[in-house]
Amino acid sequence: MAVHAVAALLVASVLSLAACSTAPPAQASRATVFEGARLIPGDERPPIENAVFVLEGGAFTQVGRRGEVQVPDGAARVDLTGKTVMPAIVNAHAHLGYRKGASFRVENYTRENILDHLQRLAYHGVAAVMSMGTERPEGYALRDELLAAPPADTALFLTAGRGLAMPGGGPAPPLRDAPYGVSTDAEARAAVRELAEKKVDGYVKIWVDDRLGTVKKLTPELYKAAIDEAHTLGLRTITHTQQREDVKAILRAGIDGLAHPPWRLGEEVDEELVGLFRERPDVFVLLTLWGTRNEIFGRRPAWIDDPLLRETFAEADIRLLENAAVAADAPARWKAGVVPRGVAKLKDAGVRFGLGDDAGATNGAQYFGFGSHMEMASMVEAGLTPAEAIAAATRNSAAILRLDRLGTIAIGKSADFIVLDANPLENIHNTRRIAAVYLRGQAVDRAALREKWAAANAVDTR
Ligand SMILES: [Zn+2]
């Protein structure tokens, strides 16, 4: 069986077993009815006002308008009048383990720190995360362990293992030494075969970037070999490629998705590129706008005062979000710039966008969880509607990662959802007004997590 199919099966079985393993049997079989919320299904359809949905055994068994849904006898009831419910988020591009508060180094890459990141994601309503190409041996072991028995208050941890780059190339330090350094066709294929043996979760990450001339960029011969070997083994490929002409070449070579959009260096999306995307409608783009947040949000972004940040982070970490170097007119210039124009062109071409905030890398900083909410806000700044941004962050990202039971609120899906105090379709920033998070049918104990982080922040002496 193809490797990605095995991984998908594993995840599917985890999602169906989770409710049984984390709740007493009597409760797992008892239905719970949630009544009165505005329900955003996550598939761009209009919300259901005054909705009722039923959970049983960790899955949605009924979803609809009040009065149209059959409520099982003896069900527990939860009143959600005045609340809005959306599917839990799926973050398809992050780098787990290296960030710890303001510190960013290889030594932070421990089991405990990765678990902390997974808890931060869960706290913010992120149900699953893909660690994109910077894994170390402890990461594989932890992934296997968590897939077999996922703890209640963590996001699902998927990994693309170690990506491929030229020796000494790839991501910026301290992530730099994580990927395979390959310089021959045989080495590229051997690396992909090893990833398949490690049962990476569906994707091989490929870096094609000379980091502004400071490192060697993976050659077309080598990434063609990697793509070919991956496809032969049933894996898909995703690339960090910065330059427009390289993006065109790797699209022609059969890449399956872009971990970053192609306009980061200020190059416009041209007609040839649009044509290539039209020829390959299955290729997805993770917008990764978090990296350009400085320009979008200006010198001192209003959301620095968001109470949600203070629930998880020390003041020293929050101060890092101030963009002292950004010009006062940066947000206005950004609005008129290459990124919104590129997003509009790709959107018109029908390109499927997913959410990847690159949390844990240089640009994504350490804001696991919070970053995904800022990413949705940035998508709206770039020209998506709130419904489109939410669908990108939920349905699309789940589909990209082949997490068939995540991404929308519908009968048979895993009960992973966020309860909000305000409607994000009116203002996308309302995705951060989180009242509760449910993962695999169980409420995440957010109060306990807050206490843990408050205690850690209190002794932080940075
Ligand atoms: Zn990245």
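Determine if the range 128-139 includes at least one residue that is part of a helix (DSSP H, G or I), within 16 Å of the ligand (Cβ to nearest atom) and within 21 Å of PRO179 (Cβ to Cβ).
yes
Could you tell me which residue of the range 252-296 is nearest to THR219 (Cα to Cα), considering only residues that are touching a Ser or Thr at 6+ places or on another chain (Cβ under 6 Å) and β-branched (Val, Ile, Thr)?
Among those residues, the one meeting the criterion is ILE255.
Of everything in the range 386-437 that's of a type in the set (Val, Ile, Thr) and closer than 27 Å to GLY350 by Cβ, which residue is surrounded by the most Cβ atoms within 10 Å (Cβ to Cβ)?
The extreme case among them is THR394.
Six or more apart or on different chains, Cβ under 7 Å: which pairs go from a residue in the range 315-329 that's over 17 Å from ALA454 (Cα atoms) to one that's among the β-branched types (Val, Ile, Thr)? Could you list them?
Hits for this filter: LEU321/ILE304; GLU322/ILE304.
Is the range 108-123 home to any residue that is away from the ligand (no atom under 16 Å from the Cβ), of a type in the set (A, V, I, L, M) and either modelled with pLDDT under 95 or under 23 Å from ASN423 (Cα atoms) (or both)?
yes
Within the range 186-199, does at least one residue satisfy the condition of being modelled with pLDDT under 95 and either within 19 Å of ALA359 (Cβ to Cβ) or part of a loop (DSSP other than H, G, I, E, B) (or both)?
No, that holds for no residue.
Out of VAL11, VAL54, VAL63, VAL3, I need the residue that is of a type outside the set (Lys, Arg), surrounded by 18 or more Cβ atoms within 10 Å (Cβ to Cβ), over 21 Å from the mean Cα position of the chain (by Cα) and modelled with pLDDT under 90. Which one?
So the residue among VAL11, VAL54, VAL63, VAL3 that is of a type outside the set (Lys, Arg), surrounded by 18 or more Cβ atoms within 10 Å (Cβ to Cβ), over 21 Å from the mean Cα position of the chain (by Cα) and modelled with pLDDT under 90 is VAL3.
Mind listing whichever residues of the range 341-360 are in a loop (DSSP other than H, G, I, E, B) and either hydrophobic (A, V, I, L, M, F, W, C) or buried (at least 22 other Cβ atoms within 10 Å of the Cβ) (or both)?
ALA349, VAL351, LEU355, GLY356, ASP357, ASP358, GLY360
How do the pairs read when you match residues in the range 424-439 that are assigned to a helix (DSSP H, G or I) with residues anywhere that are among the aromatic types (Phe, Trp, Tyr), using Cβ under 8 Å and keeping only pairs 6 or more apart or on different chains?
Final answer for the pair search is HIS429/TRP303; ARG432/TRP303; ARG432/PHE370.
Provide a single number: the residues in the range 286-314 that are outside any loop (DSSP other than H, G, I, E, B), in contact (Cβ under 8 Å) with a residue 24 or more places away in the chain and either touching a strand residue (DSSP E or B) at 6+ places or on another chain (Cβ under 8 Å) or more than 16 Å from the ligand (Cβ to nearest atom) (or both).
9
In the range 105-136, which residue that is among the aliphatic types (A, V, I, L, M) and under 17 Å from VAL200 (Cβ atoms) is surrounded by the most Cβ atoms within 10 Å (Cβ to Cβ)?
VAL129
When you scan the range 215-234, do you find a residue that is within 16 Å of the ligand (Cβ to nearest atom) and closer than 20 Å to VAL343 by Cβ, even just one?
no
Could you say which residue among ASP421, ASP357 is under 24 Å from LEU309 (Cα atoms), of a type in the set (Asp, Glu) and modelled with pLDDT of 95 or more?
The unique qualifying residue is ASP421.
Name the single residue that is nearest to the ligand (Cβ to nearest atom) among those in the range 153-178 being surrounded by fewer than 17 Cβ atoms within 10 Å (Cβ to Cβ) and modelled with pLDDT under 90.
This residue is ALA172.
Report whether or not ARG162 is without any contact (Cβ under 8 Å) to a residue 24 or more places away in the chain and touching a Gly at 6+ places or on another chain (Cβ under 8 Å).
No.
I need the full set of residues from the range 239-252 which are more than 21 Å from VAL215 (Cα to Cα) and either in contact with a strand residue (DSSP E or B) (Cβ under 9 Å, 6 or more places away or on another chain) or crowded, with 20+ Cβ neighbours inside 10 Å (or both), in order please.
Across the range 239-252, the qualifying residue is only LEU251.
The values are calculated or read from the model by the stated rules, or taken from the named source; none is laboratory data. Nothing here was measured: the structure is a model prediction, and the numbers come from that model. Neighbour counts are summed over all protein chains in view; Cβ atoms, including those assigned to glycine, are modelled from backbone coordinates with ideal geometry.
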